[in-house]
1. Please compute the net charge surrounding residue 330, taking Lys and Arg as +1 and Asp and Glu as -1 over other residues with Cβ under 9 Å from its Cβ.
2. Which value, in debye to the nearest 20, describes the size of the charge dipole of segment 335-401 about its Cα centre when Lys and Arg Cβ atoms bear +1, Asp and Glu Cβ atoms bear -1, and nothing else is charged?
3. Once every DSSP H run of n ≥ 4 in the chain is given -39500 (n - 2.57) and the sum is divided by its residues, what mean residue ellipticity at 222 nm do you get, rounded to the nearest 500 deg cm²/dmol?
4. Residue separation times 0.36 nm, minus the C-alpha to C-alpha distance between residue 378 and residue 159: what's the value?
5. How high is the relative contact order of the chain, in percent, counting Cα pairs under 8 Å that sit 6 or more residues apart?
6. Could you tell me how many cubic angstrom of Cα convex hull volume segment 63-149 has per residue?
7. Quick one: plug the Kirkwood hydrodynamic radius of the chain (C-alpha pairs) into Stokes-Einstein at 20 °C, 1.002 mPa s, and report D in µm²/s.
8. Could you please state how large a percent of the accessible area of the chain is carbon and sulfur, counting protein chains only and using a 1.4 Å probe?
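The values are calculated or read from the model by the stated rules, or taken from the named source; none is laboratory data. Only a predicted model underlies this, so the values are computations on that prediction, with no experimental measurement involved. Reconstructed Cβ throughout: ideal geometry from the backbone, glycine too, with neighbour counts over all protein chains shown. Accessible surface areas use protein heavy atoms only, side chains included; no ligands, DNA or RNA. Shrake-Rupley method; radii C 1.70, N 1.55, O 1.52, S 1.80 Å.
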Amino acid sequence: MTDFNATASSAPFPMHVSVEQARERWAALLPERELERLPLRAARGRVLGQNLAALVSHPSATESALDGIACREADTLSASAEAPVRLRVVGESRAGEPFGGQVGPGECVRIYTGAPLAAGTDAICPVEQLEEDGQDVRLLRPARPGDVRPEGGDFRAGEVVLRAGTRLTPARLALAAALGHAEVTVRRRWRVALLSTGDEVVELGQPLAPGQVYDSNRVGLAALLDDLGAEVIDLGHAPDSPARLRELLGAAGGADLLLTSGGVSMGKYDFMRDLLMEGGEVAFWRVRMRPGGPALCGRWEGLPVFGLPGNPVSSLVVFQVIVRPVLSGEPLASVVLTAQTPFPALPDKTAFWRGVVEGGGVRAYTQQGSGILRSLGEAGALVVVPPGENIKTGDRVQVVPVM
Ligand code: AMP
Ligand code: MG
């Protein structure tokens, strides 16, 4: 049995927002970042600051998609295994070394993948469909114009292929290189100050007394920020003391934003919440989602602050679902899979149940409490259940891979 009730439900609250509203309000707080020019290899994970147009066409000349011979399609239309067509081989076209002459009727040239088509030819016959016969080849089927890659068939010089705002993944870096760019204009990295809070939270490597817990959030969040290509300013860990918190918030100057963990819930010692409510500006407090309901967002002396809940599951889910899409400029990636178990809906919240992807479907992880840390290692997916829309076994469901 999966335990879906491990977190208490919460009453409505004025600054309570939906997941989409939370992303919008968070985005509205963030500053515009300056642009910089970088060599391509240094631009991994960055967001393009300008449209990227092709400087060259690809293919740069009409070329073969296969190894075989290039010939005139019209010569080969009658070719079959029973009645092969014979063509005279008059030369060769290699990638980087095209055939210099003209190919006439009844003639062909040997050609290899990526080699320019010879003048006079318009089709390719693959090597698998040829028989060698001295100076000649015999074609066992007609040559196909479809095995030719036309000049500019991929992109043409001048065409915008990557748009400003696109994140440069390894695949897109390769594309930018193929477009002819050695350097690109990108947004500078986010500078993110990171702080964890909680009297019970202990540095790694220290002994743990009963009631204490290791600071796992700061490790996970720093790694997520690294993945985003952000510059992390590690403010360490703060006790539940308003004075100390105030001091550390002040130390985050120079950062674009401050990410905190803990202290944003309903408890007496949740001072991040109190500080922002009393001395700052609140954009929202509490999101209609589970886990992660108590998330807080606002400003402290002009600095955008996102207060993640302390529960490790909640903090990582809120980061992935709300914080990350806004910082990366990329919508939350998801796939649709078949539910192998039911996933209950909550009446007024989006549920992100932990799931295990297996055999083309997804089943519920056994323990759904936001304090169940081992789910971080064992459940590779978040199953998104919109408010009020129960998922039955066999239904199709949206699944977000856990970062
Ligand atoms: P809080 O949001 O501060 O009320 O914390 C909620 C729960 O998360 C408590 O059980 C905390 O012990 C735990 N917690 C808070 N901060 C961290 C952290 N940095 N690493 C691991 N667990 C934490
Ligand atoms: Mg706390």
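1. +2
2. 60 debye
3. Result for the chain, helices only: -4500 deg cm²/dmol.
4. 74.3 nm
5. The normalised contact order for the chain reaches 18 percent.
6. Residue-normalised Cα hull volume stands at 71 Å³.
7. In µm²/s, the coefficient rounds to 85.
8. Accessible surface attributable to carbon and sulfur in the chain totals 52 percent.
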